[in-house]
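In what follows, a single structure is set out as structure tokens and then discussed.
The values are calculated or read from the model by the stated rules, or taken from the named source; none is laboratory data. These numbers were taken from a predicted model, which means no experiment stands behind them. All Cβ positions, even for glycine, are placed from backbone atoms using ideal geometry, and neighbour counts span all protein chains on display. These area figures cover heavy atoms from the full protein model, side chains too; ligands, DNA and RNA do not enter into them. Shrake-Rupley method; radii C 1.70, N 1.55, O 1.52, S 1.80 Å.
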Amino acid sequence: MPAISNTPEPDGSPQSDTSSDTKTARAAALQAIREGTPDAVASAFSDLEALGDIEPDFDYDVKDREDDEDREDDLDTEQDRGEEDDPFMDGWDSDPFISPDTSLRIGADAEEPDDGLSIGSAWQIMVSDGECNLETPQWFRWRPTSKTGKVALEDLERRMRIMQRIASWLNQERKDFLHAPRPWLLGCDAWEEYQRGLASVVPGQFLELVELSELCKDSLFSRYRSATVLVWEDGTLPLDFIFGPEARMAWVANVVREGVVRTGREMESVLKEFKRTTVPRTTKQRRELSNSDPGSLDFGEFISKVNALAGTKWSDVIKMFKEQRLKELP
């Protein structure tokens, strides 16, 4: 993390340079820091150094690093989850720790993804032995000498803290996915989230779920995610995969599955009886359904609400469910 100095802004700061070219350069640098790749951010800091907005911090020492870790600890207040067996997994996914399906990921010899994002140009959340952590470049050693420099360093620190917070959440809540990165494992243990009216597979709801909505809005969060990848030893996935359509459908399927078990129903009969269940058409109706008390809904309304929260079609979820069951057959 960058260490932000409390050194007062000197008189005659470069911030007083208000020429059009300088303003444009500063604006471009701040934009790169908020949404660019590591290479773009490094270039932006070089530009800000040339403009006199920041300078190398040669006093960055062990104490500063400990302060950075303390700031991270402030975000990580949740207790580690126990690793008890999940009775709701029976008959749905018999072995969550199977070998990763590397066809989903970008290996060393695979083609680049459509957006052109490569490992060398992306922020990397490294995954090893079921644990992940954000890889932070070693060149974050600056102190601000102007207001622009202070904003730049604070923006970068916020970005790094939020990405590290995602890594911490995956470690705590979706460890199975880190062992076997399949969308199905991004929907497990979703019942508690449903009870809170929050789907972890929807970016805006995720920020609220992990108590980051005051620190980062959805539009900025989108820019953070777009230049970040999850990296395993044998391949990568764009970070947005954990919020993608497959992850959303898996989340819905798992919540409905648990609802079936809790009400003593049979999944096959539910799929037949409620196969035409839909989500309300208007935004107002969807919002009202999403905010409704879970205990006041019949089973059809329950299915509608789950899909409304995740932004999915129940017909697509049913198809995914059937395909998943076929994969489990010998």
* Residues of region 271-307 that turn out to be under 18 Å from residue 202 (Cβ atoms) and in contact with a Leu (Cβ under 8 Å, 6 or more places away or on another chain), as a count -> 5
* Structure fact -> Residue pairs qualifying under the 8 Å Cβ cut-off, at least six apart or on distinct chains, with the first in region 160-185 being free of Cβ contacts under 8 Å to residues at least 12 places away in the same chain and the second being open to solvent by 10 Å² or more (accessible area, probe 1.4 Å) and of a type in the set (S, T, N, Q), are none
* Being within 15 Å of residue 314 (Cα to Cα) and open to solvent by 70 Å² or more (accessible area, probe 1.4 Å) is the filter; apply it to region 279-300 and report the residue that is farthest from the chain's Cα centre (by Cα). => 281
* From 167, 190, grab the single residue that is open to solvent by less than 10 Å² (accessible area, probe 1.4 Å) and out of contact with any helix residue (DSSP H, G or I) (no Cβ under 7 Å at 6 or more places or on another chain). => 167
* Asked: Within region 233-266, how many residues turn out to be open to solvent by 40 Å² or more (accessible area, probe 1.4 Å), among the β-branched types (Val, Ile, Thr) and outside any helix (DSSP H, G or I)?
  -> 1
